[in-house]
Amino acid sequence: MANESLGKAKSKKNDEFYTVYDYIQKEMNAYLEYDPDVFRGKTVLLPCDDPEWSNFTKYFAQNFDVLGLKKLISTSYATSCKKQQYEQYHQMTLFEMNFPQYDEEKSYSRGKIFTLTRDTNKSGIIDIDDLEWQYLEGDGDFRSEEVCALRDEADIIVTNPPFSLFRDFVAWVMEAGKKIVVIGNQNAITSDKH
């Protein structure tokens, strides 16, 4: 049954799977056990995400102070591109609807960037409520110049890349000589190029 689902996902390019929060936490805890300062003073990039829904964004935002992060950057792919490539629908989020910068056309055609660097709401801690967002100039594809510049700014890249682009994604990270943490299906490692 699981192989049948993967086969369908591969044929439809429906490979936007969301990673469970517990898996992310367990993996990050393993890194922290080895080196408690692995993220301290670092900029972490989470490309290939939907920051509004992503457990990667949630984990790193909620643990920003504990990890000692310098900056968190999370980007998403434009709704129009997801619809074309992955046959997925777009569900509006409160991040979009409740902010003055919301623009229906941009929401459809551009990716988004969420950043976290400071305590914007003056609560005394930096957490998910302090995320700031805006639209990217482009569609948010990790291979775009815009996201490549973010990759170059980052110290560590963490994500679950699209299954069909796994090899391209790893090559993209290695090209910049960045540290990488990929949490995803083990079948991605042995998959054929799509």
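The values are calculated or read from the model by the stated rules, or taken from the named source; none is laboratory data. Treat the numbers as computed from the prediction; the structure is a model and nothing was measured. We place every Cβ from the backbone using ideal geometry, glycine too, and count neighbours over all the protein chains shown.
Just to confirm my filter: which strands (runs of 3 or more DSSP E) fall fully inside the stretch 49-154 and include at least 1 residues that are within 26 Å of Ala171 (Cα to Cα) and either touching a His at 6+ places or on another chain (Cβ under 8 Å) or modelled with pLDDT of 95 or more (or both)?
71-75, 112-116
What are the residues in the stretch 29-45 that are touching a Phe, Trp or Tyr at 6+ places or on another chain (Cβ under 7 Å) and modelled with pLDDT under 95, if any?
If the condition is that a residue be touching a Phe, Trp or Tyr at 6+ places or on another chain (Cβ under 7 Å) and modelled with pLDDT under 95, then no residue fits.
Pairs, please: C-beta under 7 Å, at least 6 apart or cross-chain, first residue surrounded by 22 or more Cβ atoms within 10 Å (Cβ to Cβ) and in the stretch 58-75, second polar (S, T, N, Q) and assigned to a strand (DSSP E or B)?
Once the first residue is surrounded by 22 or more Cβ atoms within 10 Å (Cβ to Cβ) and sits in the stretch 58-75, its partners that are polar (S, T, N, Q) and assigned to a strand (DSSP E or B) give Leu72/Thr115; Ile73/Thr43; Ile73/Thr115.
If His194 meets every condition in (1) at pLDDT 90 or above; (2) more than 15 Å from the chain's Cα centre (by Cα) apart from one, which number is that one?
Among (1) at pLDDT 90 or above; (2) more than 15 Å from the chain's Cα centre (by Cα), His194 violates only (1).
So the check is Cβ under 9 Å with 6+ separation or different chains; which pairs have a first residue in the stretch 146-174 that's under 22 Å from Tyr23 (Cα atoms) and a second one that's in a helix (DSSP H, G or I) and among the polar types (S, T, N, Q)?
Pro162/Gln85; Phe163/Asn187; Ser164/Gln85
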